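The values are calculated or read from the model by the stated rules, or taken from the named source; none is laboratory data. Computed from a predicted structure; not experimentally measured. Cβ: placed from backbone, ideal geometry, glycine included. Neighbour counts: every protein chain shown.
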Amino acid sequence: MTYRITGLAPEPFADLRGAEEAALAAAGARRVIAQSKPGYPCRISLEDAEVGERLILLHHVSHDVDTPYRSAYAIYLRENAGAAAVYEDALPPVMEGRPIAMRGFDEAGMLLDAALALPGEADAAIRRLFYNRDIAYIDAHNAAHGCFAARVERA
């Protein structure tokens, strides 16, 4: 069994990247400067920003389903992030050193199972959740802050 973790597509956020502060504020977003590494995980590149790097902090609907499990929260995007990162049977840097909460959903967006993975345990947790053939995808969240980290799909 293999899995794929893909960063968010950058196109829906193109208007925010490089936007003036007033335009960001009108969209409910903010520009921030990374103060530490790790600490500012980009959802496009799936890497933490370097200290001093500019990011956009915005509200994002990560689980856009018509169920009680619809989910949204704040995320960071590096302003200079290129194409969406893709990881096959490997963890992106933003998932390696953090506790990760994983939620396994069926095709209809209903929660079937969940797992908490401490650093070094995420791969095993993904494989354990996907052992249930009814789980169509897993949404990974940073356990401490609760923000969306990435979607994990069967490959």
Sole residue being assigned to a strand (DSSP E or B) and surrounded by fewer than 22 Cβ atoms within 10 Å (Cβ to Cβ), chosen from 124, 114, 144
114
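Residue-wise test of (1) in contact with a helix residue (DSSP H, G or I) (Cβ under 8 Å, 6 or more places away or on another chain); (2) under 18 Å from residue 62 (Cα atoms); (3) at pLDDT 95 or above.
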site	(1), (2), (3)
97	no, no, no
104	yes, yes, yes
112	no, yes, yes
121	no, no, yes
132	no, no, yes
138	yes, yes, yes
Which of (1) out of contact with any helix residue (DSSP H, G or I) (no Cβ under 7 Å at 6 or more places or on another chain); (2) buried (at least 19 other Cβ atoms within 10 Å of the Cβ); (3) assigned to a strand (DSSP E or B) does residue 77 not meet, given it meets every other one?
(1)
Name the residue, out of 56, 44, 5, that is closer than 18 Å to residue 153 by Cβ and in a strand (DSSP E or B).
5
Conditions: (1) in contact (Cβ under 8 Å) with a residue 60 or more places away in the chain; (2) β-branched (Val, Ile, Thr); (3) more than 18 Å from residue 139 (Cα to Cα). Residue 51 meets all but one. Number of the miss?
(1)
Assuming residue 152 fulfils every condition listed in (1) in contact with a Phe, Trp or Tyr (Cβ under 7 Å, 6 or more places away or on another chain); (2) at pLDDT below 95; (3) of a type in the set (Val, Ile, Thr) apart from one, which condition is it?
(2)
What are the pairs with Cβ atoms under 9 angstrom where one residue, in segment 11-27, is over 18 Å from residue 44 (Cα atoms) and the other, located anywhere, is exposed (fewer than 13 other Cβ atoms within 10 Å of the Cβ) and among the charged types (D, E, K, R)? Sequence gap at least six, or different chains.
23/15; 27/15
Working carefully through the options 51, 94, find the one that is in contact with an Asp or Glu (Cβ under 9 Å, 6 or more places away or on another chain) and outside any strand (DSSP E or B).
94
